[in-house]
Amino acid sequence: MGYQVGLRAMGGQMGMQGGMAFTNMFLIPDISRAIIGEVHAYQFYQRLAELAPNEQDRQTILRIQRDEAKHYRWFSTILSNLGGQQPQIPAGELPISFRDGVRTAINHELETAAFYQDVAYRATDRPIEMHFTHAMHDEQRHASLFQLMLSSL
């Protein structure tokens, strides 16, 4: 999937009430980094789903991918509300084998959860804090699902 196609597939609206406080502008570089990471994860999981050895794993990966698209929409809206510009998305890595891809996914999900926790702690606007906290919990759940997948291989 091309990068622009992937971005269009991830589009949509974020369910936030009211405006963003502009006191969180210091988070713009981290929010941009999160957006890039979500696009890379979306594309990585598209390829990983194609490599899945069975339908159950494929469906689990596609559900995880939908969460990544949701995070992308949230973070894009936050960035826009803070006055930031959407980042340029460089090419990301794609899995070559299912087993190695699942191992990589576990590591990325755990690293991303820690990063989102840090952003949530530094946010001074409650909606930003809550969206990053929710995304952190999703990433932790994804890592657990991938660990289960790996243990069944």
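Listing for the model above:
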read-out	value
Accessible surface of segment 48-153, 1.4 Å probe, proportion on carbon and sulfur as whole %	50
Residues Thr133 and Ser97, FRET efficiency given R0 of 25 Å [Cβ-Cβ distance, rounded to 0.05]	0.15
14 Å reach of a label modelled at Phe26, 7 Å along Cα-to-Cβ, counting backbone N of segment 116-135	119-125
GluC sites (Glu not before Pro) within segment 54-153, DSSP loop, no more than 13 other Cβ atoms inside 10 Å	Glu93
Two-site label geometry, Arg33 and Arg141: point separation in nm, points 7 Å out along Cα→Cβ	2.5
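The values are calculated or read from the model by the stated rules, or taken from the named source; none is laboratory data. All values reported here derive from a predicted model rather than from experimental measurement. Counting neighbours? That spans all protein chains shown, and the Cβs are built from the backbone with ideal geometry, glycine included. Side chains included, ligands, DNA and RNA excluded: accessible areas come from the protein's heavy atoms. Shrake-Rupley method; radii C 1.70, N 1.55, O 1.52, S 1.80 Å.
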